[in-house]
Amino acid sequence: KLGMPHEYFIAGMDSDVERAVRAAVEHCRGLGAEIVEISLPHTPYAIATYYVIATAEASANLARFDGVRYGARVEGEDPIDMYGKTRAAGFGREVKRRIILGTYVLSSGYYDAYYRRAQKVRTLIRRDFEQVFQKCDAVLTPVAPTPAYPLGEKADDPLQMYLGDIFTVTANLAGICGLSVPCGRTAGGLPVGLQILGPAFKEENILRVGHAYEQTTDWHRHKPALLNTEH
């Protein structure tokens, strides 16, 4: 049995992506799979939950890179100056953004409001999947709500970049396994992916589904025009 959660087919989703993923689901039905409608009700909270937890972990884990014990060092007039210059030079823009946000959600007065609450929502998301996997062996979803965007197009809009992860972060939060296989192309020729999610430590479930799909389709053999070496 393969589950299909309606929460992953959202308003504003690219029509070509939705068409390709639904066609892939029907293909799996044609191979003998039983497709069951399921619900993962806490999915809408996944992206916010993920970025609270992920940035908090980044802030804590990267605190050691201070130029004294770990990593490269930029000399300064005193230890505080050296510490500031080292971290300013050693981390990129996105890393700095995550460290700042993570430090904020872990700070006194905000820990309970953000980090602790995010961990509670994470538990709810994990329970959603535990209940779903009692009804089906794997879950089929889109990988992303839109196809790839031009390089650098959203560099100044981190929120839009983060929203591109909306369908994939649930696997990280729930501690389950996931697999992506090509399942189509948009009208503009951009690849579309089908995400296959399975219970923790049940990788054989999703690998079996992915293998069956690729044995009876040829999307994984298609190359984007940029990479087509035949011309």
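What follows draws every value from the coordinates through simple rules; no lab data is involved. Quantities reported herein were computed from a predicted structural model and do not represent experimental measurements. For neighbour counting, all protein chains shown are included, and Cβ atoms are generated from backbone atoms with ideal geometry for every residue, glycine included.
Tabulated data for the structure shown
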quantity	calculated
Magnitude of the charge dipole, the chain, Cβ model with Lys/Arg +1 and Asp/Glu -1, debye to 20	440 debye
Using alpha-carbon coordinates, inclination of helix 93-106 to the longest axis of the chain, degrees	80 degrees
Rounded FRET efficiency, nearest 0.05, which uses the C-beta distance separating ALA23 from ARG116 and R0 of 45 Å	0.60
For the chain, average projected area of the Cα convex hull in nm²	16.3 nm²
Neighbour cut-off at most 13 other Cβ (10 Å), DSSP loop, chymotrypsin sites (Phe, Trp or Tyr not before Pro), the stretch 189-223	PHE201
Other-chain or far-sequence residues with amide H under 5 Å of CYS183's (modelled H)	VAL192, GLY193, LEU194
Label-zone membership for the stretch 117-151, site LEU207, 7 angstrom Cα→C-beta point, backbone N under 20 Å	137-140
Cleavage-rule hits (chymotrypsin sites (Phe, Trp or Tyr not before Pro)) in the stretch 93-155: DSSP loop, at most 15 neighbouring Cβ within 10 angstrom	TYR110
Residue-span extension gain [ALA60 to VAL74] - 0.36 nm each, minus C-alpha spacing	2.9 nm
GNM flexibility winner over the chain from ASN61, ASN172, ASN205 (Cα, springs under 10 Å)	ASN61
Convex hull per residue volume in Å³, alpha carbons only, for the stretch 151-221	100 Å³
Tilt relative to the chain, helix 79-90 - C-alpha long axis, 0 to 90 degrees, to 10	30 degrees
Value at 222 nm in deg cm²/dmol, rounded to 500, when DSSP H runs of n ≥ 4 in the chain each add -39,500 (n - 2.57)	-13500 deg cm²/dmol
Hydrodynamic radius by Kirkwood, which averages 1/r over all alpha carbon pairs of the stretch 116-167, in angstrom	13.7 Å
Per principal axis, descending, Cα span of the stretch 1-117 in whole Å	69, 31, 26
The stretch 129-231: GluC sites (Glu not before Pro) in DSSP loop, at most 13 other beta carbons within 10 Å	GLU153, GLU230
